[in-house]
Amino acid sequence: MKIAFVGKGGSGKTTLSSLFIRHLAARGTRVVAVDADINQHLGAALGLSEEESAALPAMGAHLPLIKDYLRGANPRITSAGTMIKTTPPGEGSRLLRLGEDNPVYTACARNVPLDGGPVRLMATGPFTESDLGVACYHSKTGAVELFLNHLVDGREEFVVVDMTAGSDSFASGMFTRFDMTFLVAEPTRKGISVYRQYKEYARDFGVPLKVVGNKVHSDDDLEFLHEAVGDDLLVAVGHSEWVRAMEKGRGRPFAELEGSNSRALETLYETADAVYPQRDWERYMRQMVHFHLRNAESWGNTRTGVDLAAQVDPSFVLREEAAPQPV
């Protein structure tokens with residue numbers, strides 16, 4: 001299951017995504033966590049020190065390796081240099097499983113110990129001073145998009161992605177890659193502004209969307225969110241002494257998280273799991289191809305010097321049985 005956490009900057013999406021990752025780990029669920037925000041904070045939220053977080057390998061820095069590995073023996077992709085962030089898999093492409101070992105994980109993932117067991121953490125990499133004036137930061141998330149495009153995941157296997165803040169996720173088709181999107185919103189007008197943008201796009205592309213109210217301190221806060229988002233409001237989360245202690249570097253066992261917040265996280269899990277039977281791999285591939293052709297026409301063909309529409313394998317559909325289960 002591919003899960004996205006989105007929201008405006010400062011909404012608490014990184015905190016909520018890290019708590020959900022911890023909840024899944026405590027359940028014994030296989031998890032890959034991905035920090036796709038250019039402001040890299042997920043590692044720290046999962047308990048890494050500043051030094052450990054800074055030492056995480058950047059997926060963007062390993063993009064040539066990722067492309068070369070994923071293209072495999074796909075005859076439609078003549079070289080790694082002709083792959084762009086939206087290139088879809090086809091016959092001969094290498095597909096990824098959450099529990100396997102492969103060069104992509106070796107280069108880009110690090111294990112983070114959590115209560116219940118370790119999770120793999122990957123990070124797109126921060127926006128650095130060297131990027132100014134020479135690259136759009138959206139290109140840094142290209143490695144994440146390729147990873148998701150080639151990933152075969154099943155029930156009780158979760159990829160949890162802490163997305164870029166605001167509506168920047170619409171710069172590519174990555175927002176359609178998810179089985180469930182949790183939008184973290186504060187009970188303020190600014191807090192729900194991103195929701196209105198996401199709602200429109202999610203409806204147009206059939207992306208399941210639920211709102212997680214954060215920093216909800218009163219009945220008035222809750223009423224405000226209900227009036228703003230209606231039935232899309234799934235749960236509301238208030239103050240957490242457990243989170244405050246963790247942010248001070250005084251982490252406690254995850255089992256000591258407040259009961260109300262633990263129940264909220266279980267609701268997120270149950271909601272995500274409930275959409276599993278609705279998975280439509282053919283629609284997933286159609287959307288992948290749709291955004292690839294759009295990117296190819298708008299900039300990709302010019303950038304690579306080839307017709308990227310030829311990369312589309314019309315007979316290929318990504319499915320759970322398309323890749324072997326890990327041992």
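The values are calculated or read from the model by the stated rules, or taken from the named source; none is laboratory data. Since the model is a prediction, treat every value here as computed from it, not as a measurement. Quick note on the areas: whole protein, heavy atoms, side chains included, nothing else; ligands and nucleic acids left out. Shrake-Rupley method; radii C 1.70, N 1.55, O 1.52, S 1.80 Å.
Figures for the structure shown
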{"read-out": "Beta bridge orientation in the chain: antiparallel %, DSSP, nearest 5", "value": "10"}
{"read-out": "Amide proton proximity set for VAL235, modelled H, under 5 Å, gap of 5+", "value": "GLY213"}
{"read-out": "For the chain: accessible area per residue (Å², 1.4 Å)", "value": "44"}
{"read-out": "Cα extents of the stretch 1-88 along the three principal axes, largest first (Å)", "value": "42, 28, 25"}
{"read-out": "Per-bin percent of Cα-Cα distances, the stretch 218-274 [10 Å]", "value": "20, 40, 33, 8"}
{"read-out": "Projected-area average for the stretch 1-47 over all orientations - Cα convex hull basis, square nanometres", "value": "3.3"}
{"read-out": "Semi-axis lengths (Å, descending) of the ellipsoid that matches the C-alpha gyration tensor of the stretch 251-327", "value": "40, 18, 13"}
{"read-out": "By accessible area with a 1.4 Å probe, ligands and nucleic acids excluded, highest first: order of HIS150, HIS290, HIS226", "value": "HIS226, HIS290, HIS150"}
{"read-out": "Accessible carbon and sulfur surface of the chain relative to its total accessible area, %, 1.4 Å", "value": "49"}
{"read-out": "Taking N as its residue count, the alpha carbon Rg of the stretch 193-315 over 2.2 N^0.38 Å", "value": "1.52"}
{"read-out": "Once the Cα gyration tensor of the chain is diagonalised, semi-axes √(5λ) in Å", "value": "32, 22, 19"}
